[in-house]
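Down below is the structure, laid out as structure tokens.
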Amino acid sequence: MGSARDRLEAIIAEFADLDGREKLELLVDFANGLPALSAEYQARKVAEDRRVHECQTPVFVWTEVDGGAARIVAEVAPEAPTVKGFMAILAEAVNGRPVDEAQSLPDDMLERMGLADVLGMMRSRGLRAIMARVKRGLAEKATVPA
Amino acid sequence: MPDAAPEHVLVTTAWVAEHLSDPRVRIVESDEDRALYAMGHVPGAVEIDWHVDLQDSLQRDYIDRAGFERLCAAKGISNDTTVVFYGDKNNWWACYAFWVFKLYGHQDCRIMDGGRKRWELDGRPWSTDRVTPAAGRYAAQEQDGSIRALRDEVLKHQRAGKQLLDVRSPEEYRGERMHMPEYPNEGAVRGGHIPGALNVPWPMNCNEDGTFKPVKQLEKLYIRELKMKRRSPTIAYCRIGERSSLTWFVLKYLLGFGNVRNYDGSWLEWGNCVRVPIAKGAAPGGAEGTASASPAVHA
């Protein structure tokens, strides 16, 4: 298994080859693959304020570091498959990898996947904001000694 | 008077189910989240996306008349086609697409009441088939300025003290919320509302299941409680003109307001303009007070 960057590059290449409709279908596949929250996180969702308030649909995200390895845990409402699929892609890239590697994820990933044109400017901005939030969350955790 | 009685412009999911293979009808899905259509759509429905299909990519405006004609032809829509819009989020994007179709003079536009949510609740089937309709033949008219308000018209309207409706959340209306930390600012440099505007958050038009509230309840809200007049010129706005197209639809087609326009530039334009007045706080004029309709919001 490669670095977080290598994993994401493979996903980007997979998207880049598809037509617009297929890109959205692959995004839905990723969305369907995002695991449901464990009981622990279900409880924490209630106890902690993890709601991403920028999103109009309910989105909850945790950026965790276990022994130096990154782990994104997220719950996204089923009516927002684009955000859900995007979160699953980020999780697939960084989960289990050293936390610093998350910072090397390319900010132009949506353009290179060809999703920026399919989703349009406003939705793409929203996804970039989610990526910035995840990167920042992991960076903050990385600086705290385990 | 509205173009048609509510029972004509609003159709049920049952009506749509009966017309799925009617060659005179084209079902159109418009969503906030485009991947929803890929997940499953009403059988035979085409997708029209407001970001990608309806906006001009260079000028901040809608596609031009020729672009609209090309879009309709590609989606299998001719001038005499009955176009039924539906979507996610209480049909707000569906109403937006409906409004753009009216802008170019499409005659027979309808909304499937309750949109995706109601279709799902009614246990109707979803399809992932690729829909490739036979090309339509379309000749659009020039934009209908009677349903679209541009900035200078809004300013004149505001100065004359005419009916203005702000359909955003009370926090946005009062000027407390613009955008969140770290989120890209796609808002405005000032927060608040257009002086004189009443605040009726758009979800107040809708039931929990995404359908529109009964006309009697809507009349009670807009006409009896807020004292709005059907015959007075009215302009509705929100942040980018999408939520207000839903309220525009309610006022024009369900309540029969004779002269109502959507200000699609909305707060994203107004809150950035040089030398236009804004008001902060809960009152229309900006002083302290309570002018918001009670925000029983369930978005």
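The values are calculated or read from the model by the stated rules, or taken from the named source; none is laboratory data. Model, not experiment: these values are computed from the prediction. All Cβ positions, glycine included, derive from the backbone under ideal geometry; neighbour counts span all protein chains shown. Protein only, heavy atoms only, side chains kept; ligands, DNA and RNA dropped before computing areas. Shrake-Rupley method; radii C 1.70, N 1.55, O 1.52, S 1.80 Å.
Applying the selection to the range B:37-75, what residues are in contact with a Pro (Cβ under 7 Å, 6 or more places away or on another chain) and either open to solvent by 10 Å² or more (accessible area, probe 1.4 Å) or under 19 Å from B:GLN143 (Cα atoms) (or both)? Walk me through it before giving the result.
Filtering the range B:37-75 for residues in contact with a Pro (Cβ under 7 Å, 6 or more places away or on another chain) gives B:39, B:43, B:46, B:75.
Within the range B:37-75, B:MET39, B:PRO43, B:LYS75 qualify.
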Being of a type in the set (D, E, K, R) and in contact with a strand residue (DSSP E or B) (Cβ under 7 Å, 6 or more places away or on another chain) is the filter here; which residues of the range B:62-114 pass it? B:LYS75, B:LYS102, B:ASP108, B:ARG110, B:ASP113
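Inside the range B:24-47, can you point out the residues that are outside any loop (DSSP other than H, G, I, E, B) and facing another protein chain (nearest Cβ under 8 Å)? Write out each step before concluding.
First, the residues of the range B:24-47 that are outside any loop (DSSP other than H, G, I, E, B): B:25-29, B:35-39, B:41, B:46-47.
Answer for the range B:24-47, where residues must be outside any loop (DSSP other than H, G, I, E, B) and facing another protein chain (nearest Cβ under 8 Å): B:ALA35, B:LEU36, B:TYR37, B:ALA38, B:MET39.
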Would you mind telling me which numbered condition in (1) within 14 Å of another protein chain (Cβ to nearest Cβ); (2) surrounded by fewer than 19 Cβ atoms within 10 Å (Cβ to Cβ); (3) more than 20 Å from the chain's Cα centre (by Cα); (4) more than 18 Å from B:ALA135 (Cα to Cα) B:HIS19 fails? (1)
Mind listing whichever residues of the range B:239-257 are at pLDDT below 95 and part of a loop (DSSP other than H, G, I, E, B)? B:ARG239, B:ILE240, B:GLY241, B:GLU242
Suppose the filter is modelled with pLDDT of 95 or more, open to solvent by 50 Å² or more (accessible area, probe 1.4 Å) and outside the structural domain of B:LEU10 (by TED's automatic domain parsing); does B:ARG261 pass it? no
Filter result for the condition that a residue is away from every other protein chain (no Cβ under 14 Å), in a helix (DSSP H, G or I) and closer than 28 Å to B:ILE48 by Cβ, over A:GLU111, A:GLU101: A:GLU111
Please determine, by comparing only the residues of the range B:169-184 that are more than 17 Å from B:ILE240 (Cβ to Cβ) and part of a loop (DSSP other than H, G, I, E, B), which one is modelled with the highest pLDDT. B:GLY175
Filter result (assigned to a helix (DSSP H, G or I) and not polar (S, T, N, Q)) within the range B:119-151: B:TRP119, B:GLU120, B:LEU121, B:GLY145, B:ILE147, B:ARG151
